[in-house]
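Asks: One structure follows; several queries about it will come next.
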Amino acid sequence: MKAARSFPFILLLAALGSAQRPEVLPPLTLGSLGRLAALLPLPGQLVTVMEKRPSLSTVDLQTRVLRVGGSPEALYQVIISAGKGVRAPYDPRLGISEEEYKRYLVFQEVLVSTSKTLKFPVLRDSGRVLFGNVAGLNGVLDGLSINLRTGEMRGPEGYSALPVPVVPSTAPDRVLPVRTGFQWKVIGSDATAGNGVKGTLNLLELESGLIILNYNRTSMINRRLNQGEVIVGYDR
């Protein structure tokens with residue numbers, strides 16, 4: 001019976017640590033470390049809590065319909081419905097097949113403000129940034145730290161990761177207009193200690209100047225599982 005009860009726990013730790021280990025990354029340049037430090041929040045930073053919501057993308061559909069000479073009126077009705085999060089019924093006046101219509105009108109996630117603001121619980125000195133917790137963050141960032149001299153992120157589970165610079169995208173259907181940023185992917189597990197983590201931290205500066213900090217992780221500390229995601233936006 002004891003082995004049977006521990007089986008799901010062993011499977012979970014295996015899942016946390018089974019993904020391919022990240023390759024050894026070169027150290028960040030002094031310029032990159034400077035940008036990283038400039039993007040990270042200051043103590044008491046006022047942030048807005050963000051969330052992901054589904055949205056209908058019509059960019060490719062508009063291009064296709066205009067290219068084949070479809071009805072502007074029919075396209076306008078589709079765009080109005082999409083703005084409300086509703087997929088309008090197929091209209092043959094669009095000049096494309098129903099299969100094409102379904103393929104071009106797709107759902108994607110967008111970031112929106114929840115209008116909730118809070119002071120970010122951050123301790124910062126010349127060497128590192130340490131995140132704490134307040135109501136609204138659900139403990140997702142609690143105990144996470146970033147070394148300002150190396151860029152290394154370390155979590156309370158005992159595992160660390162180095163950042164990779166984020167390459168800006170110029171695609172018209174991009175979800176976020178990213179100017180610059182960094183991403184950390186951390187993964188590890190220890191069956192003896194009962195600790196494990198699989199998470200991704202994004203620190204992004206948008207073209208508007210808004211900074212997005214997003215951490216999504218599955219964590220286990222002392223055999224206690226915790227899953228969560230936090231997205232906040234702020235200006236520096």
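The values are calculated or read from the model by the stated rules, or taken from the named source; none is laboratory data. Everything quoted here is computed from the prediction, not taken from an experiment. Note that we place each Cβ from the backbone using ideal geometry, even for glycine, and neighbour counts take in every protein chain shown. Protein only, heavy atoms only, side chains kept; ligands, DNA and RNA dropped before computing areas. Shrake-Rupley method; radii C 1.70, N 1.55, O 1.52, S 1.80 Å.
Asks: Over the chain, what is the mean sequence separation of C-alpha contacts under 8 Å (at least six apart), divided by residue count, expressed as relative contact order in percent?
Replies: 21
Asks: Work from the charge dipole of the range 87-173 (Cβ charges, +1 for Lys and Arg, -1 for Asp and Glu, about the Cα centre) and give the residue of Ser160, Ala88, Leu105 farthest towards its positive end.
Replies: Result: Ser160.
Asks: Would you please give the residues with an amide H less than 5 Å from that of Ala88, counting only those at least 5 places away or on a separate chain, with H modeled from the backbone geometry?
Replies: Residues meeting the amide H criterion: Ala82.
Asks: Considering just Cα atoms, how many Å³ per residue does the convex hull of the range 104-149 enclose?
Replies: Convex hull of Cα atoms, per residue: 131 Å³.
Asks: Run the dipole for the chain about the Cα centre, Lys and Arg Cβ at +1, Asp and Glu Cβ at -1, nothing else charged, and hand back the magnitude in debye, nearest 20.
Replies: In debye, rounded to 20, the chain gives about 560.
Asks: Can you tally the net charge around Arg217? Count Lys and Arg as +1, Asp and Glu as -1, for every other residue whose Cβ sits under 15 Å from the Cβ of Arg217.
Replies: +1
Asks: Can you give the FRET efficiency to the nearest 0.05 for Asn216 and Val68, using r as the Cβ-Cβ distance and R₀ = 35 Å?
Replies: It comes to 0.30.
Asks: Give me the one-decimal nm value for the distance between modelled label points at Ser97 and Leu30, 7 Å along each residue's Cα-to-Cβ direction.
Replies: Calculated label separation equals 6.0 nm.
Asks: Also, I was wondering about something else. Could you give the dipole magnitude of the range 21-136 about its Cα centre, charging the beta-carbon of Lys and Arg +1 and that of Asp and Glu -1, in debye to the nearest 20?
Replies: Working: 15 positive and 10 negative charges, 78 e Å.
In debye, rounded to 20, the range 21-136 gives about 380.
Asks: By Kyte-Doolittle mean hydropathy of at least 0.0 and Cα axial length of at least 20 Å, which whole DSSP H helices of the chain are selected?
Replies: What comes out of the filter, once short or polar helices are dropped, is 2-17.
Asks: If you roll a 1.4 Å probe over the heavy atoms of the protein chains, what accessible area per residue do you get for the range 151-227, in Å²?
Replies: For the range 151-227, the solvent-accessible area averages 47 Å² per residue.
Asks: For the range 72-122, with every protein chain kept in place, what is the accessible area per residue (1.4 Å probe, Å²)?
Replies: Roughly 64 Å² per residue, with all protein chains present.
Asks: Compute the length gained on full extension between Arg128 and Ile79: take 0.36 nm times their separation in residues and subtract their Cα-Cα distance, giving the result in nm to one decimal.
Replies: The Arg128-Ile79 span can extend by a further 13.0 nm.
Asks: Let me ask something additional. Report, to the nearest whole %, how much of the accessible area of the chain belongs to carbon and sulfur atoms, 1.4 Å probe, protein only. All intermediate terms of the calculation are to be shown ahead of the outcome.
Replies: On the way: 7230 of 13240 Å².
With neighbouring chains kept in place, the figure for the chain is 55 percent.
Asks: Right, another one. I want to verify the translational diffusion coefficient of the range 13-168 in µm²/s; compute it with Stokes-Einstein, Rh as the Kirkwood radius over Cα pairs, at 20 °C and 1.002 mPa s.
Replies: 108
Asks: Let me ask something else about it. What FRET efficiency do you get for Arg223 and Leu118 if R0 is 30 Å and r is their Cβ-Cβ distance, rounded to the nearest 0.05?
Replies: It comes out at approximately 0.50.
Asks: Which is the longest stretch in the chain that no exposed loop site breaks, taking sites as GluC sites (Glu not before Pro) with a DSSP loop state and at most 16 other Cβ atoms within 10 Å?
Replies: Longest gap between qualifying sites, sites excluded: 24-206.
Asks: Give the Cα extents of the range 124-236 along the principal axes, in whole Å, largest first.
Replies: Principal axes ranked by extent give 47, 34, 28 Å for the Cα atoms.
Asks: Any idea which of Leu40, Ser126, Gly196 is furthest toward the positive side of the dipole for the chain, if Lys and Arg beta-carbons carry +1 and Asp and Glu beta-carbons -1?
Replies: Final value for the positive-end residue is Gly196.
Asks: Go through the range 226-236 residue by residue and turn each phi into a ³J(HN,Hα) via Karplus (6.51, -1.76, 1.60, θ = phi - 60°); whole Hz please, and just put x for glycine and proline.
Replies: 8, 10, x, 8, 10, 10, 10, x, 7, 10, 10
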